[in-house]
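Colleague: Have a look at this one before I ask anything.
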Amino acid sequence: MNNFEYLNRVAIGQYIPGSAFIYRLDARTRILIYFVFIPLVAFLPSIRGVLACLLAVLLAITASRIPPGFALRSLLAPLPFLVFIALVQLFSVPAGDSSILFRLGPLTASIAGVEAGLLLALRFATLILLVALATFTLSTSELVYGLRSLLRPLSRLGFPSEDFIQIVQITLRFIPFLALSAERIAKAQAARGADWGTKRGSLLRRARDVVPLIIPLFVTTLRQAENLALAMDARAYATGETVTSLRQFQFRLADYIAMAAAFFFILGLIYII
């Protein structure tokens, strides 16, 4: 039944309680650092900068006492996509002044293509690990309260902060739900005689086996979304209402140290690129 354990393979969206230094930081400090580093990694132009961010994320995962194997499991699902985009970059980037490595029919692979493919794959891998680290170390309540505190000034300007927070919360909650629903559907289909996981086969065969899973998963997700909307209506959830917070946040010395470290790290990135 290991072929059906989808929930165990999905790391993103699962909170791991802990007592490491990063857990003791103010929730707003963690949110600010994550929100700064995500666009930073997305727009870094050099491999050295992305590698430095990847190393920083891996060190943060280790310092948070999160099992490295569990954290790296978040890369398993998008791994075929990462390989695909690396290959596309390998053959689509013009050689220019760089050396040509080999030709495959009309396709040409060059050093510039290798660098572009490696940069894009490393960028996506770093972003995935960074988002996974954020979900590992930020509980849903901390994320909601922290975002509400940070976005409160924007609410006075007309920004629908409560709606945005609700969207973020529901999105994070739905990731494990999708994995659990896929697991249940696959087990139900296998119990009714479907050829699920009995033969490994080629990558094309595995992709073809997933097709019967898509429609029931889509229908189940829509039904769950409808039930959620009805539950929110039944509890008189409304947008634009002023919401008070049970928790009061206060920056401490450790928060200023963490933000200063992130600031100097960004300065170092600017220097090396």
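Colleague: Which pairs turn up if I take residues in the stretch 247-258 that are within 10 Å of LEU25 (Cβ to Cβ) and look for partners that are not aliphatic (A, V, I, L, M) with beta carbon separation below 6 Å, at least 6 apart in sequence or on another chain?
Modeller: PHE251/ASP26; ASP255/ASP26; ASP255/THR29; ALA258/THR29
Colleague: Of these, ARG73, ARG103, which one is in contact (Cβ under 8 Å) with a residue 40 or more places away in the chain and of a type in the set (D, E, K, R)?
Modeller: ARG73
Colleague: Also: Here is a list: ALA95, ALA109, ALA86. Which entry is of a type in the set (A, V, I, L, M, F, W, C) and either within 27 Å of LEU269 (Cα to Cα) or at pLDDT 90 or above (or both)?
Modeller: Step by step, each of ALA95, ALA109, ALA86 is checked, and only ALA86 is of a type in the set (A, V, I, L, M, F, W, C) and either within 27 Å of LEU269 (Cα to Cα) or at pLDDT 90 or above (or both).
The rows are residues; the columns are (1) under 16 Å from the mean Cα position of the chain (by Cα); (2) part of a loop (DSSP other than H, G, I, E, B); (3) at pLDDT below 85.
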{"site": "ILE12", "(1), (2), (3)": "yes, yes, yes"}
{"site": "LEU51", "(1), (2), (3)": "no, no, no"}
{"site": "LEU55", "(1), (2), (3)": "no, no, no"}
{"site": "LEU58", "(1), (2), (3)": "yes, no, no"}
{"site": "ARG65", "(1), (2), (3)": "no, yes, no"}
{"site": "PHE70", "(1), (2), (3)": "yes, no, yes"}
{"site": "SER74", "(1), (2), (3)": "yes, no, yes"}
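Colleague: In the stretch 24-70, what residues are of a type in the set (A, V, I, L, M, F, W, C) and more than 26 Å from ILE273 (Cβ to Cβ)?
Modeller: Scanning the stretch 24-70 gives LEU25, ALA27, ILE66, PHE70.
Colleague: Could you please let me know if LEU54 is hydrophobic (A, V, I, L, M, F, W, C) and out of contact with any Leu (no Cβ under 7 Å at 6 or more places or on another chain)?
Modeller: Here the answer is no, as LEU54 does not meet what is asked.
Residues are listed down the side, and each one gets a yes or a no for (1) over 30 Å from ILE165 (Cβ atoms); (2) among the hydrophobic types (A, V, I, L, M, F, W, C); (3) surrounded by 15 or more Cβ atoms within 10 Å (Cβ to Cβ); (4) in contact with a Phe, Trp or Tyr (Cβ under 9 Å, 6 or more places away or on another chain):
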residue	(1), (2), (3), (4)
GLY49	yes, no, yes, no
ALA60	no, yes, yes, no
SER74	no, no, yes, no
THR108	yes, no, yes, yes
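The values are calculated or read from the model by the stated rules, or taken from the named source; none is laboratory data. Because the structure is predicted, anything quoted here is derived from the model rather than measured. In this analysis, Cβ positions are derived from the backbone assuming ideal geometry, glycine residues included, and neighbour counts consider all displayed protein chains.
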